[in-house]
Amino acid sequence: RSDTFWTTTGMFPQEFIIGFPERVTISRVAIQCYLVRTLRIERSVSKDPVDFEECIEKDLQHTEGQLQMEEFPLPAFQATHLRFIIKSAFDHFVSVHRVIAEGT
């Protein structure tokens, strides 16, 4: 739901992890957020959320007064967990409204 969101506590970096019930193949990752400057996405294929490896790190465009919608150009990959690390922001607090991970 785009009217709910996760917000940071004001210090960076901030991170959150999304876990899948089993290993999946992901072909597309997108995020809807607000005031995020630099975002890194990492993946893990372990049963537990450990041993992450970087997939991509990207600087996002500042969009004053509106949500950022960013799609990440990634080749298909397998994962049991995705970690999103907000490394920096355009303000003290940011919000994440939606994460899309498509695949099989």
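The values are calculated or read from the model by the stated rules, or taken from the named source; none is laboratory data. All of these numbers come straight from a predicted model, not from anything done at the bench. Glycine gets a Cβ as well: all are built from the backbone with ideal geometry, and neighbour counts include every protein chain shown. Heavy atoms of the whole protein, side chains included, go into the accessibility calculation; ligands, DNA and RNA do not. Shrake-Rupley method; radii C 1.70, N 1.55, O 1.52, S 1.80 Å.
Points to keep in mind about this one:
- Considering only chymotrypsin sites (Phe, Trp or Tyr not before Pro) in DSSP loops that have at most 16 other Cβ atoms within 10 Å, the longest stretch of the chain without any of them is 6-89.
- Residues whose placed amide H lies under 5 Å from that of T63, excluding near-sequence neighbours: L35
- Carbon-plus-sulfur accessible fraction, the stretch 12-103 (probe radius 1.4 Å, protein heavy atoms only): 46%.
- Each Lys and Arg contributes +1 and each Asp and Glu -1, all at the Cβ; summed about the Cα centre of the chain, the dipole is approximately 140 debye.
- Between the beta carbons of T4 and F77, assuming R0 = 41 Å, the FRET efficiency works out to 0.90 to the nearest 0.05.
- In order along the stretch 13-24, the phi-based Karplus estimate (6.51 cos²θ - 1.76 cosθ + 1.60, θ = phi - 60°) of 3J(HN,Hα) comes to x, 10, 8, 9, 10, 10, x, 10, x, 7, 5, 10 Hz; Gly and Pro are listed as x.
- Rolling a 1.4 Å probe across the protein heavy atoms gives the chain an accessible surface of 59 Å² per residue.
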